[in-house]
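The values are calculated or read from the model by the stated rules, or taken from the named source; none is laboratory data. Everything numeric in this text was worked out from a predicted model, so none of it was measured. Note: ideal-geometry Cβ built from the backbone for every residue, glycine included; neighbour counts use all protein chains shown.
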Amino acid sequence: MTPTPLEDLISSGLAELSLEPEAAGPLASLATLVDDWGKRINLTGHRDASAVARRLVLDAAALHTVLPAVGSLVDLGSGAGFPGLPLAILRPQASFVLVEARERRHHFQRHAVRSLGLENVRVVRGRFEELDPDPADCVVAQAVASPDVLVGWMLRWARPGALLVVPGGTFPRTVADAGALLDPRNDTYRVPLGGPERTVWVSRAA
């Protein structure tokens with residue numbers, strides 16, 4: 001079959017990241033699902049599938065390139081499923097748990113997992129600071145709180161030695177109390193196809 005323009009767009013971004021193009025189809029399907037649902041509920045601030053692909057899907061793909069391989073990953077407060085869903089497509093051998101408190105976003109995640117056939121993904125509805133944790137090898141959380149507060153919540157979901165990851169914006173993040181952490185640092189990555197440079201705070205649970 002001839003690739004769609006959206007698949008071509010994502011393939012170009014994957015090539016810039018030195019990633020294989022096989023994931024372009026599922027990633028394009030994800031961007032289309034987000035766009036379709038976004039016409040009915042407020043999923044993201046991006047207005048079409050192309051913008052979702054450039055700003056969310058390829059951002060997650062770029063993050064994928066700076067994270068080591070892990071057997072399990074939990075995405076706390078995952079919203080419309082980012083970065084968890086693209087990472088699950090790019091890492092089919094790993095298991096994923098997506099935690100989201102908002103009902104409509106949780107329902108979208110369930111629909112996306114079914115539609116894309118992502119057997120390595122489980123979605124959980126609830127506030128991650130209140131749920132019983134399912135500890136993983138890697139814990140990812142967007143900046144939903146100050147770094148010091150957020151890291152305390154993330155540690156509940158982390159196995160000993162687990163990777164803790166907080167994707168950010170232009171400016172690096174710091175954690176004042178790093179006593180329960182090993183090797184905290186800020187890395188950078190660039191979103192392909194002319195996207196912005198991102199910082200990502202990374203550490204390990206002691």
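Output the number of residues of segment 73-97 satisfying the condition of being among the polar types (S, T, N, Q) and surrounded by fewer than 23 Cβ atoms within 10 Å (Cβ to Cβ).
Total satisfying the criteria: 2.
Those residues that are in a helix (DSSP H, G or I) and exposed (fewer than 14 other Cβ atoms within 10 Å of the Cβ), I need them from segment 16-35; list them, please.
Answer for segment 16-35, where residues must be in a helix (DSSP H, G or I) and exposed (fewer than 14 other Cβ atoms within 10 Å of the Cβ): just E22.
Of everything in segment 52-71 that's touching an Asp or Glu at 6+ places or on another chain (Cβ under 7 Å) and farther than 19 Å from L116 by Cβ, which residue is surrounded by the fewest Cβ atoms within 10 Å (Cβ to Cβ)?
To start, the set of residues in segment 52-71 that are touching an Asp or Glu at 6+ places or on another chain (Cβ under 7 Å) comprises 52, 66, 70-71.
Imposing the further condition that a residue be farther than 19 Å from L116 by Cβ reduces the set to 66, 70-71.
Numbers: V66: 14, V70: 18, G71: 12.
If we take residues in segment 52-71 being touching an Asp or Glu at 6+ places or on another chain (Cβ under 7 Å) and farther than 19 Å from L116 by Cβ, then G71 is surrounded by the fewest Cβ atoms within 10 Å (Cβ to Cβ).
Please report, ordered by residue number, the helices (runs of 4 or more DSSP H) entirely within segment 38-157 with at least 2 residues that are more than 19 Å from D187 (Cα to Cα), among the charged types (D, E, K, R) and modelled with pLDDT of 95 or more. Spell out how you get there, then give the answer.
Numbers: elements: 49-52, 58-66, 84-90, 103-116, 147-156.
Counting at least 2 such residues, we get 103-116.
Hey, can you tell me all the residues within segment 178-197 that are touching a Phe, Trp or Tyr at 6+ places or on another chain (Cβ under 8 Å) and more than 30 Å from R156 (Cβ to Cβ)?
E197 - this is the single residue of segment 178-197 that is touching a Phe, Trp or Tyr at 6+ places or on another chain (Cβ under 8 Å) and more than 30 Å from R156 (Cβ to Cβ).
For G84, only one of the following conditions fails: (1) touching a residue at least 40 places away in the same chain (Cβ under 8 Å); (2) touching a Lys or Arg at 6+ places or on another chain (Cβ under 9 Å); (3) under 17 Å from L116 (Cα atoms). What is its number?
Here G84 clears every test but (2).
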